[in-house]
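Structure record follows, encoded as structure tokens.
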Amino acid sequence: MKEFDTKIIDASLDDRGIKIAALKLFLLAAGAVLFNLIFWQEKLALNALLFDAFVLWSVFYLYPAAFTKPAMKWLLLAHAVTLVTLIVHNTVLTKLAFSTTLLLVVVFTQYLHRSVWYAAASAAGNYVLFIFSFFENIKQVKITGIKSFGIRKAIRFLIIPLLIAGVFFLLYSFSNAVFQDVVKDMGIAIEHFFTKFFTWFSWNRFGFLLLGLLVTGGLLLKMHSNYFSEKDYLQHNDLWRKKNNLKKWKESASFDILSLLMGRFANGVMALRNENTVGILSLVMLNILLLFINAIDIVYVWFGFTYTPNLNLKEYVHEGTGMLIFSIVLAMLVLLFFFRGSLNFYKKNRWLRYGAYGWIFQNAVLVISVLLRDYYYIQHMGLAYKRIGVLVFLSMVLMGLITVFIKIHQRKTSYYLLRVNGWFAIILLVTASCVHWDETMAKYNLAHKNTIPLDVQFLLTLSDKTLPLIEKNQEVLLDKTTVQGEGDFLYRSPFSPMQVFEQRKRIFLSEQKKYSWLSWNAADDYVQNYLSKAVITSSLNK
């Protein structure tokens, strides 16, 4: 009886597995067709809402328990924000944020994760192993599904009746003139259908269909292995004291580095004390050196900065900022090296900790110095991509310093450091997508055109959302003053700024006619309405 019950349970599990595999293949095909229909020769805009609804419904139907996961509500909220910003702003950044959060929602639905880094690895695994997952589902349906549904048996039974029906079909078509005419009409209809189909069909569209299959497959088909998920959950936030394997320690890269720097002092019973001493001396010297650098910055950057036209702010900010940010990142790596393991639990590491806290504080002061440099650049030269990029990097660096302090003070692992900073990067990405940066730069630079040298070439490389702003300030296009800035690298046209601007307006309006309602977004709709009214007004004035 027990053996019979076991067979029933196994059969029901197999049947459920077959149905899930068949459902995945059906959803994959439907998703690929939907992708082809709504994205072909369209912009990523309102159509993203349709595809997003399909993907989210599919993954939550396949994995209904995902709603109970703690991070899911926050991820869905972040994803909803990026979807709104995509339809409102429709910038490259909003598209990146939308795609990133969609991937995270899907991966956190399919796997157990806490870190975005391991989740990103699982997402990459889904796409890399997509073809194997695809054929695995086909194999499961083919081997067990066909047998259970009796399709082979049905085909065998239909062969003889179909042959007999075919013979009589030919006999009736030759013997009956009316039936022959009906058959001809059917043939013509079928011929027209295939003619229209091959007119519609193109290899480019077929390739786009395959792209849709890949995109949808990477989202819906989970790879068989849970390797990255298991690795993620084996990690710990808190550092535990454990006895090191001396043999493994001597084979590690950390021991090789210490042996290279400390020689025989890196080995033996006094190795930990020696390492602590080296760490204290290193941090004392680095603190003194950084104190000297910070003192110079406080005197000359914080309180003694005076702008002169001869000052090369680009070199002052970008070259200096790059080296300073690199030094701060390197500083964090040095601290992570000293506080990687046993030194966290060494009883006499108090001065090492004080040195680390002092250096973290001084690096935070250095961040402020870099921030002031960037502020002066924006104040006297206006906004640009790299200047905003510096602000983003500084935010990441400052968060990194805070988490390094927490790691040392509360004895956290490097996993904790990467996990928290990874989530902060996602929050920063979602927050940044809420701002239309091209429009913000254009508004700021045009509003301060009397106090800063306006980079007209850079202005003309910004997105279409800035066209109405430039239309309102057309006099700036007649200024022949050249400014060395980001426009030198982005602007590539032999025509005058006014000619480029007029050409961009014509191209934008003509492109909008090619798109359907699937490409609708608030930014393009605003620009189209404004430029259309401007064209009508201009023609009436003439």
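The values are calculated or read from the model by the stated rules, or taken from the named source; none is laboratory data. None of these values were measured; they are calculated from a predicted model. Glycine also receives a Cβ, built like all others from the backbone with ideal geometry; neighbour counts cover every protein chain displayed. Accessible surface areas use protein heavy atoms only, side chains included; no ligands, DNA or RNA. Shrake-Rupley method; radii C 1.70, N 1.55, O 1.52, S 1.80 Å.
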Approximate spin-label separation residue 357-residue 74, in nm, with each point projected 7 Å along Cα-to-Cβ
2.8
Taking 0.36 nm per intervening residue step and subtracting the Cα-Cα distance, what contour gain separates residue 350 from residue 22 on full extension?
111.9 nm
Distance cut-off 28 Å, Cα to Cα: go down the list 69/386; 95/386; 443/505; 73/231; 95/449 and report the pairs above it.
69/386; 95/449
If R0 = 41 Å, then residue 214 and residue 380, at their Cβ-Cβ distance, give a FRET efficiency to the nearest 0.05 of 0.30
Between residue 515 and residue 234, the FRET efficiency computed from the C-beta separation at R0 = 45 Å comes out, to the nearest 0.05, as 0.40
Using a 1.4 Å probe on the protein heavy atoms, what percent of the accessible area of segment 47-91 belongs to carbon and sulfur?
82
If you consider only alpha-carbon coordinates, what radius of gyration and Dmax does segment 357-427 have, in Å?
14.2, 44
How big is the accessible area of residue 511 in square angstrom, nearest 10, if you roll a 1.4 angstrom probe over the protein chains?
70
Point-to-point label distance, residue 434-residue 50, nm (Cα→Cβ direction, 7 Å offset):
3.0
With r defined as the distance between the Cβ atoms of residue 61 and residue 96 and R0 fixed at 25 Å, what FRET efficiency is calculated, to the nearest 0.05?
0.40
Could you sort 407, 533 by their accessible area in this structure, using a 1.4 Å probe and putting the largest first?
533, 407
The extension gain from residue 522 to residue 37, computed as 0.36 nm times the residue separation minus the Cα-Cα distance, is 172.4 nm
Added length on full extension, which subtracts the Cα-Cα distance from 0.36 nm per residue, residue 191 to residue 476
96.5 nm
